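Report on the structure given below.
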Amino acid sequence: MKISIEPAPPRTEAIPWDNLPFGRIFSRHMAVAEYSGGTWHSLRVQPLQPLALHPGTSALHYGQALFEGFKAYQRPDGRAFVFRLKDHWQRLNSSARRLVMPEVPYELFTGLLRALLAMERDLLPPQLVQGLYVRPVYFATDPWLGVRTSESYLLLIYLAPVGAYYSGSIAAYVEKEMVRAAPGGTGSIKMAGNYAAALLSGQKAQGVGCQVSLWLDAHYHEWIEEFSTMNIFFVTKGPRLLTPSLQRGTILPGITRATILALAPRLGLPAEEREISIHEVTEGIANGTIREIFGTGTAATITSISQLYYEGKWWHLPPESPIASQLLTEYRKALKGEREIPEEWIWWIET
Ligand code: COI
């Protein structure tokens, strides 16, 4: 596998490490792979720059486009790694299969990523609470207005040193009218359109002072699914963790969600995945059996929910989130290497 390298000019602005925004500072380079004629080719790392696309580019019209998001970290001893890379690569390919796009070979994906990270080693944040966000984006490029599977594709990977996605705890708007996903649809993959479809609800949420929407199932508008930007967890009396099951195929199988489910038992927290109705939630908040709600995601890590807005009424959670804080500490200890974790969760950047 040959990857050509074209170095970018040096960065002219300093990176505000003490006050990193989310997703506004980008790497100087991007990795690129093209697919056409049934093969991957033109693998390269080049300066990050705007793309020249034909106006008929099918991804722009029909949405054959997907992405991933994961993070690279640097441990206090200077060793750098990507967290759960293989899981993200597998999810990328499960999204690709659903959108009839060619799967991305592991060697190609990791080869490009390693070459890119080698050119951007100085972008790894000095503190573990920050991360270097890796954003692969993969889309159909045939310039043709027929609705059909494209025969050409572009895969790009670029980086963004990031701080918190949300600052502090946030309020969530329970969306009762619009839906994000239906069984058999694309809710369980990371396709671009899922996020566009959430924007109008996001506007409604902002209108009442919420930062995120919480989606219910498409049929009954009753069963909790996930937030627009992250999965959801409840802390019930016990304490116990509760999260919607993935069974209906309408929820993104979050890698952070899976990590929390794996870490919880170590803190003596039993975790359950099952159907949860919005009525169980409002009742649980009212009678104190639901103590905390938090979201999980690569970008959001663990974000506590302060209140829910449902059918014109606010449902306030207790001001403290001790279990979410404990889980975040445990998560960071796992990243730092202070906890035993499965070997395959760590992909060392320098081998
Ligand atoms: C992520 O958490 O990595 C995502 O892709 C979610 C997005 C809202 C930033």
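The values are calculated or read from the model by the stated rules, or taken from the named source; none is laboratory data. All figures in this text were calculated on a predicted structure; none of them were measured in a lab. We place every Cβ from the backbone using ideal geometry, glycine too, and count neighbours over all the protein chains shown. When the accessible area is computed, the model is the full protein with side chains, heavy atoms only, and any ligands, DNA or RNA have been set aside. Shrake-Rupley method; radii C 1.70, N 1.55, O 1.52, S 1.80 Å.
Among the protein heavy atoms, those of R114 account for about 80 Å² of accessible surface (1.4 Å probe, every chain in place).
Considering only S36, M101, G146, and ranking their Cα positions along the charge dipole of segment 4-163 that arises from unit charges at the beta-carbon of Lys, Arg, Asp and Glu, the one farthest toward the positive end is M101.
Surface composition of segment 4-163: carbon and sulfur make up 54 percent of the accessible area, probe 1.4 Å.
Shape descriptor for the chain: Rg over Rh equals 0.97 (Cα atoms; Rh from the Kirkwood inverse mean 1/r). Taking 25 °C and 0.890 mPa s as conditions, segment 254-351 diffuses translationally at an estimated 161 µm²/s according to Stokes-Einstein applied to its Kirkwood radius (Cα pairs). Relative to the longest principal axis of the Cα atoms of the chain, helix 85-98 runs at roughly 90 degrees. With a cap of 13 neighbouring Cβ atoms within 10 Å, and only residues DSSP puts in a loop, list the trypsin sites (Lys or Arg not before Pro) found in segment 209-271. Answer in residue order: K237.
Highest GNM mean-square fluctuation among G69, G131, G209, for the chain modelled with Cα contacts below 10 Å: G209.
Here the label points at A14 and N287, each 7 Å from Cα along the C-beta direction, are separated by 5.7 nm in the simple model.
Accessible surface comparison of T110, T186, probe 1.4 Å, protein chains only, largest first: the order is T186, T110. Helix 278-287 and the longest principal axis of the C-alpha atoms of the chain enclose an angle of approximately 50°.
Using a basic spin-label model with each label point 7 Å from the Cα along Cα→Cβ, how many nm lie between V147 and Q206? If labels sit at V147 and Q206, their model points lie 3.0 nm apart.
Cross-linked pairs K86/K204; K190/K336; K86/K190; K71/K336: Cα-Cα separations exceed 25 Å for K86/K204; K190/K336. Modelled this way, with points 7 Å down the Cα-to-C-beta line, the labels at H61 and W314 are 4.8 nm from one another. Quick one: helix 106-119 against the long Cα principal axis of the chain, what's the angle to the nearest 10°, folded into 0 to 90? The helix 106-119 is inclined about 80 degrees to the chain. When you filter the chymotrypsin sites (Phe, Trp or Tyr not before Pro) in segment 159-243 for DSSP loop state and at most 16 other Cβ atoms inside 10 Å of their Cβ, you are left with Y220. The solvent-accessible area of S228, taken with every protein chain present and a 1.4 Å probe, is close to 20 Å². Its residue count N fixes a reference of 2.2 N^0.38 Å for segment 4-163, and the Cα radius of gyration divided by that reference is 1.07.
Amide H to amide H distances under 5 Å link G163 with F22, G23, where only residues 5 or more positions off or on other chains count and H is placed in the peptide plane. Charges were assigned to the Cβ only: +1 to each Lys and Arg, -1 to each Asp and Glu. The resulting dipole of the chain about its Cα centre is roughly 380 debye. This model, with +1 at the C-beta of Lys and Arg and -1 at the C-beta of Asp and Glu, gives segment 4-163 a dipole about its Cα centre of some 340 debye. Per residue, the solvent-accessible area of the chain (1.4 Å probe, heavy atoms of protein chains only, all protein chains present) comes to 45 Å². In segment 222-302, the portion of solvent-accessible area held by carbon and sulfur atoms comes to 50 percent [1.4 Å probe, whole percent, DNA, RNA and ligands not counted].
Of the two radii for segment 170-336, the radius of gyration is 0.94 times the Kirkwood radius, both from the alpha carbons; that is the Rg over Rh value.
If you run the Gaussian network model on the chain, springs between alpha carbon atoms under 10 Å, then out of Q64, Q49, Q127 the most flexible one is Q49. R240 sits among other residues whose Cβ lies under 14 Å from its own Cβ, and their net charge, with Lys and Arg +1 and Asp and Glu -1, is -1. Assuming charge only on the beta carbon of Lys and Arg (+1) and of Asp and Glu (-1), the dipole of segment 160-292 about its Cα centre is about 340 debye to the nearest 20.
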